[in-house]
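Trainee: Handing you a structure now.
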Amino acid sequence: MDLNELFREESDVLNRSQDVAAQTTLSAEDYRDALLMVNRHYQRLMRETYRMISRSDRAERELNRVNEQLHQLAQELEYKASHDPLTAVWNRGAIIQRITQTLSNGAAALIILDIDHFKRINDEFGHPMGDKVICALVSRIQAHCPEEASIGRIGGEEFTVLLPHYRLSDAVIVAGAIHASLNASPLAVLPGQLVTASLGVSYGKPGSDFETLYNNADVALYDAKNHGRNRVFFR
Amino acid sequence: MQNLVIAATESTPEVSFDFAAGQFALRGESWPENAAAFYRPLLDALENWQPQPGGDVEVNIALRYFNSSSTKMLFSLFDLFNQRAQSGQTVALNWFFDAEDDVSEEFGQELALDFTDLQVNLQAEMAS
């Protein structure tokens, strides 16, 4: 975009007025006409500039509004992409990423929790009750987890608790507290019966990989199930 | 002359004009409903200011965002400072811009071209 090209009329007016100003022998009428011409163009320039400014102010306001909306939607999307819609804990992809990242920085312990006979609850009370039980159980887990724990839902009725920098023995204590709480009192949504869970606990050294940590906890969980469910095993 | 201090709002910048010290600053965002009404008192105050001779002036402008009508008024403001510079005062204009904001950086460069008597300093800031 070239200034002189865009303002050709204005440049013409400038040149003409300069020509007039350079001459000393014109009549008063000629100078007056030239002045009026400049005046007319100046008015037009002001009017047009005002229009352009108003127009860009409006467009910028709209742009900012849309940009804000976009920012908000992006945040919502990011949240939805990383959280389980039912329980609001991390979803499978996000918790795996967190575990991997944690192990790259240091040691971590992992608890896998699987609700005992969850299918029976669904069959007997229906899926909406099943959902409520899951939410209530997540609240129980949260109530017994330390601040730095990350809880994730990795399957229908299977949850993980990532405990950064935890030793195996300390993680077993956390798992034990969750287990004891489930046996101490039923969930408020299902007061007539206990909902219990089997828990497997494992430990990963700094720099170890997700698969090893997860498989160890999973094997421990399998052992817990095989020994009659409703218990904590570790490996 | 009394200092001019106005707190920032969502759409108007913080204003701090310390005439005695020769320190002037605008910080924040500028997209008021009526830019002329917001900036007119600033321009009037600056026009009425009769500084001690020889006093240096520092103008700090840190506007994250300013709309077109604010731009028009800022040009008038900078022109007044430029006139001060033409009449012998040393006027430094520090233009603070977000390091990732090319448009703002370019605007600062153009200020140096348009207001040749101001000492325009471009200062990149890390995005906060």
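Trainee: Quickly run through the range A:86-101 and pick out the residues that are in contact (Cβ under 8 Å) with a residue 60 or more places away in the chain, assigned to a helix (DSSP H, G or I) and either open to solvent by 30 Å² or more (accessible area, probe 1.4 Å) or among the charged types (D, E, K, R) (or both).
Mentor: Result: A:Arg92, A:Ile96, A:Arg98, A:Thr100.
Trainee: Something else: Looking at the range B:85-122, which of its residues are open to solvent by 50 Å² or more (accessible area, probe 1.4 Å) and of a type in the set (Val, Ile, Thr)?
Mentor: Within the range B:85-122, B:Thr90, B:Val103, B:Thr116 qualify.
Trainee: Evaluate the following for A:Glu124: is it open to solvent by 100 Å² or more (accessible area, probe 1.4 Å), acidic (Asp, Glu) and in a helix (DSSP H, G or I)? Quick ask: steps written out before the conclusion?
Mentor: Values: open to solvent by 100 Å² or more (accessible area, probe 1.4 Å): yes; acidic (Asp, Glu): yes; in a helix (DSSP H, G or I): yes.
Considered against the rule, which asks whether it is open to solvent by 100 Å² or more (accessible area, probe 1.4 Å), acidic (Asp, Glu) and in a helix (DSSP H, G or I), A:Glu124 comes out as yes.
Trainee: If we scan the range B:109-118, do we find a residue that is outside any helix (DSSP H, G or I) and over 30 Å from A:Met46 (Cα atoms)?
Mentor: Within the range B:109-118, none of the residues are outside any helix (DSSP H, G or I) and over 30 Å from A:Met46 (Cα atoms).
Trainee: Output the qualifying pairs, or none if there are none: Cβ atoms under 6 angstrom, residues six or more apart or on different chains, first residue in the range B:93-119 and within 17 Å of B:Tyr65 (Cα to Cα), second residue aliphatic (A, V, I, L, M) and open to solvent by 50 Å² or more (accessible area, probe 1.4 Å).
Mentor: What qualifies is B:Trp95/B:Leu122; B:Asp98/B:Ala127; B:Ala99/B:Ala124; B:Ala99/B:Met126; B:Glu100/B:Ala127; B:Gly108/B:Leu122.
Trainee: Restricting attention to the range A:22-45, does a residue exist that is closer than 30 Å to B:Glu10 by Cα, open to solvent by less than 80 Å² (accessible area, probe 1.4 Å) and of a type in the set (A, V, I, L, M)?
Mentor: Scanning the range A:22-45, I find no residue that is closer than 30 Å to B:Glu10 by Cα, open to solvent by less than 80 Å² (accessible area, probe 1.4 Å) and of a type in the set (A, V, I, L, M), so the answer is no.
Trainee: On the given criteria, is B:Ser76 touching a Phe, Trp or Tyr at 6+ places or on another chain (Cβ under 8 Å), closer than 22 Å to B:Met1 by Cα and either within 14 Å of chain A (Cβ to nearest Cβ) or exposed (fewer than 15 other Cβ atoms within 10 Å of the Cβ) (or both)?
Mentor: Against the criterion (touching a Phe, Trp or Tyr at 6+ places or on another chain (Cβ under 8 Å), closer than 22 Å to B:Met1 by Cα and either within 14 Å of chain A (Cβ to nearest Cβ) or exposed (fewer than 15 other Cβ atoms within 10 Å of the Cβ) (or both)), B:Ser76 qualifies.
Trainee: Ok, one more. Can you name the condition, by its number, that A:Leu14 falls short on among (1) outside any loop (DSSP other than H, G, I, E, B); (2) in contact with a strand residue (DSSP E or B) (Cβ under 8 Å, 6 or more places away or on another chain); (3) among the hydrophobic types (A, V, I, L, M, F, W, C)?
Mentor: (2)
Trainee: For the range A:175-196, how many residues are touching a helix residue (DSSP H, G or I) at 6+ places or on another chain (Cβ under 8 Å) and of a type in the set (S, T, N, Q)?
Mentor: Residues meeting the conditions: 2.
Trainee: So which residues in the range A:181-235 are small (Gly, Ala, Ser) and surrounded by 18 or more Cβ atoms within 10 Å (Cβ to Cβ)?
Mentor: A:Ala197, A:Ser198, A:Gly200, A:Ser202, A:Gly204, A:Ala217, A:Ala220, A:Ala224
Trainee: If you don't mind, there's one more thing I want to ask. Could you say which residue among A:Ser54, A:Ser104 is within 12 Å of chain B (Cβ to nearest Cβ), open to solvent by less than 100 Å² (accessible area, probe 1.4 Å) and not aromatic (Phe, Trp, Tyr)?
Mentor: A:Ser54
Trainee: Exactly one condition in (1) within 14 Å of chain A (Cβ to nearest Cβ); (2) in contact with a Gly (Cβ under 7 Å, 6 or more places away or on another chain) is false for B:Gly55; which is it?
Mentor: Just one mismatch for B:Gly55, condition (1).
The values are calculated or read from the model by the stated rules, or taken from the named source; none is laboratory data. All values derive from a computational prediction rather than experimental measurement. A quick note on method: Cβ atoms are made from the backbone with ideal geometry, for glycine too, and the neighbour counts reach across all protein chains shown. In case anyone asks, the SASA skips ligands and DNA or RNA and just uses the protein heavy atoms, side chains included. Shrake-Rupley method; radii C 1.70, N 1.55, O 1.52, S 1.80 Å.
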